[in-house]
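Step one of this worksheet: look at the structure below.
Where a number appears in this text, it was derived from the coordinates with a stated rule and is not lab data. All values derive from a computational prediction rather than experimental measurement. Cβ sites come from the backbone with ideal geometry, for glycine too, and all protein chains shown count toward neighbours.
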Amino acid sequence: MVGTFSYKFDTPTFKGTSTFPTGLFINGKFVDPVEDATIDVINPTNAKVIGKVAIGSSRDVDIAVKVAQDAFDKSWGLNVAGSERGKLLWKLADLMEQNADELAALEALDVGKAYSVARNFDINGCIATLRYYAGWSDKDHGQTIETDENKLAYTRHEPIGVVGQIIPWNLPLVMMCWKIGPALATGNTIVLKPSEVTPLSALRMCSLVNEAGYPAGVVNIINGLGSTVGQAMSEHMGIEKIAFTGSTVTGRKIMEAAARTNLKNVTLELGGKSPNIIFDDAEIEQAVKWAAHGIYFNHGQACAAGSRIFVQAGIYDEFMKRFTAHSQALTLGDPFEPTTYQGPQVSQTQFDRIMNYIDSGKKDGAKVHIGGGRHGSEGYFIQPTIFTNCRPEMKIVKEEIFGPVAVVIKFTDEEDVVRQANDTAYGLASAIFTQNINLALRVAHKIQAGTVWINCTNFPEVNVPFGGYKQSGIGRELGEYALRNYTAVKAVHVNLGHKM
Ligand SMILES: NC(=O)C1=CN([C@@H]2O[C@H](COP(=O)(O)OP(=O)(O)OC[C@H]3O[C@@H](n4cnc5c(N)ncnc54)[C@H](O)[C@@H]3O)[C@@H](O)[C@H]2O)C=CC1
Ligand code: BAL
């Protein structure tokens, strides 16, 4: 019997009850997994178990892929006009809007993020993403290519077929919408695995998918572990493409699995250690506020987090004074309190991982300028933390911490800061603060990163591509570029007169 999750929110920011089935969502229905298994859902604010959801195995992946292939062949794919796909995506966005408060509450509960952030950033961003791709559904045309008078050649952008999507826990619905938006707009069917750490909101979306009117089997959601469901998806011969967001380590495993099996197309959005460069002439108050947003947004659990802050010597002392005060004034607490800026980290595992990084920074001789410890006595809260006196070889300077932990590094000249900014295996994002447009653009063009924000940071737009250089990934999400992740280009040659 498929179970049910039911939670009564009686909070200062949201009151209401959320109830939905907790099975696997396959062929438009909630079903039990082939092998009976569940995982606990844990509230990171107090570490209490608040429910259980079913998790799948490779056998459920087999079933979902078959169903998705049937839907692709019979009721989706080339059978449905782009304009119709656009209407359905728009309807799904409308349904998210109608249920926005509840969806935000589920994200706040499961991830631990502030309800106001979940409502205003996550859910509004999801709605905007689906509407953006709804607009593309009937506009992603191929080209007519001139060869000579005796030939007509043209290209078609055809859907790939069954695509696999594996998403993380830091922005569960945002990552879901970044992935399903372009995949559905271009006519693919989907098998999606949410993170086992945050399984709730994707389940709530399943009934909205049905309500929007998607044919059964177009969207299939299988909660489960990465090592079983994720691995099975990556190896599956019936999945022609995998899109993944998460750690670089797991990205490698997915590529290896794809290489070993059917050479499926792989796009990866991985880790980062993004530099945030603040020059002497920056508007300092704005630089401080953006730098704080850069590292503390979502409790530092953002792949684009501006975790290495380079400050030019002339404003270093003043920046540190203001940045310290700003960081110390952040309110940590229950995500549903209206004044909360920072909630808990998502899990015990992530809490331990971040605390280990903090310990390694201390042992390596970096100075804890502020923070460095647990906040409160229950849940997974970590104090906003700033390290100074760092050296390039320290783990806290090189590796992604994915928590509210910044390293601040003083620099003097432009060439040196560009060298330091690029001295990383990652290349996801970066930021530059200066009022000198020539300096800003000169540095922007030298930084090896998929995104350069000038006088802002951690500020993506749905119509602008996002993705990484180097070990931060392969391919781009968002914008028109994301459509290329989900289409195969077919060239059609029509002979109008060439004789053999
Ligand atoms: N780029 C980003 O937005 C994210 C980066 N990360 C980074 O990864 C670190 C570790 O976090 P994790 O949750 O352990 O990341 P992870 O990469 O293991 O998890 C992300 C997703 O991949 C799945 N997965 C795990 N192993 C898999 C496998 N062998 N095959 C297929 N799918 C698999 C997970 O179940 C989850 O759905 C974080 O501290 C952070 O540095 C984590 C989440 C998001
Ligand atoms: N991983 C998608 C964007 C972010 O974490 O900031």
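Observations
- Mean separation of Cα contacts under 8 Å (6+ apart) over length of region 275-462, as relative contact order %: 29
- Note that region 275-462, at 4 °C in a medium of 1.567 mPa s, gets a Stokes-Einstein diffusion coefficient of 78 µm²/s from its Kirkwood radius over C-alpha pairs.
- With contacts taken as Cα pairs under 8 Å and at least 6 residues apart, the chain reaches a relative contact order of 18 percent.
- Along the axis of the charge dipole computed for the chain (Cβ charges of +1 for Lys and Arg, -1 for Asp and Glu, origin at the Cα centre), the listed residues Asn99, Gln312, Ala258 are led at the positive end by Ala258.
- Ranked Val346, Val53, criterion: other C-beta atoms within 10 Å, fewest first: Val53, Val346
- To the nearest ten degrees, helix 100-111 and the longest principal axis of the Cα atoms of the chain are 60 degrees apart.
- Low-density loop cleavage sites - GluC sites (Glu not before Pro) in region 377-417, where at most 12 other Cβ are within 10 Å (DSSP): Glu378, Glu393
- Helix 200-212 vs. the chain, principal-axis angle (Cα, 0 to 90°, nearest 10): 40
- Neighbour counting of Cβ atoms within 10 Å sorts the residues Tyr132, Tyr115, fewest neighbours leading, into Tyr132, Tyr115.
- Simple Cβ-charge dipole of region 275-462, Lys/Arg +1 and Asp/Glu -1, about Cα centre, in debye nearest 20: 340
- Restricting region 254-332 to GluC sites (Glu not before Pro) that sit in a DSSP loop and have at most 14 other Cβ atoms within 10 Å of their own Cβ leaves Glu283.
- Rounded if a/c under 1.5, otherwise prolate or oblate - region 9-120, Cα gyration tensor axes: oblate
- Dipole of region 68-205, positive direction: furthest Cα of Gly181, Ser137, Ala202, with charges on the beta-carbon: Ala202
- Per-residue extension of 0.36 nm, minus the Cα-Cα distance of Asp148 and Gln286, leaves a gain of 43.9 nm for this segment.
- C-alpha center-to-center spacing [region 472-499, region 118-183] in angstrom: 12
- Rounded to 5, percent antiparallel among DSSP beta bridges of the chain: 50
- Dipole check for region 398-447: with +1 at the C-beta of Lys and Arg, -1 at the C-beta of Asp and Glu, and the Cα centre as origin, the magnitude is about 100 Debye.
- Between region 324-371 and region 3-79, the alpha-carbon centres lie 31 Å apart.
- The angle between the Cα long axis of helix 313-328 and the main principal axis of the chain comes to about 70°, on a 0 to 90 degree scale.
- 222 nm mean residue ellipticity, helices alone, for the chain (DSSP H n ≥ 4; -39,500 (n - 2.57); rounded to 500): -10500 deg cm²/dmol
- As a rough footprinting exposure proxy, the listed residues Ser377, Ser116 were ranked by other beta carbons within 10 Å of their own, and the order from fewest upward is Ser377, Ser116.
- Unpaired Cys in the chain, meaning no second Cys C-beta under 4.7 Å: Cys206, Cys303, Cys390, Cys456.
- Couplings for region 266-282, taken from phi via the Karplus curve 6.51 cos²θ - 1.76 cosθ + 1.60 with θ = phi - 60°, read 10, 10, 10, 10, 10, x, x, 8, 6, x, 10, 9, 10, 8, 3, 8, 5 Hz in order; Gly and Pro are left as x.
- Positive-end residue, the chain charge dipole about Cα centroid, Cβ charges, pick of Leu88, His375, Pro392: Pro392
- Taken about its Cα centre, the chain carries a charge dipole of about 540 debye when Lys and Arg each add +1 at the Cβ and Asp and Glu each add -1 at the Cβ.
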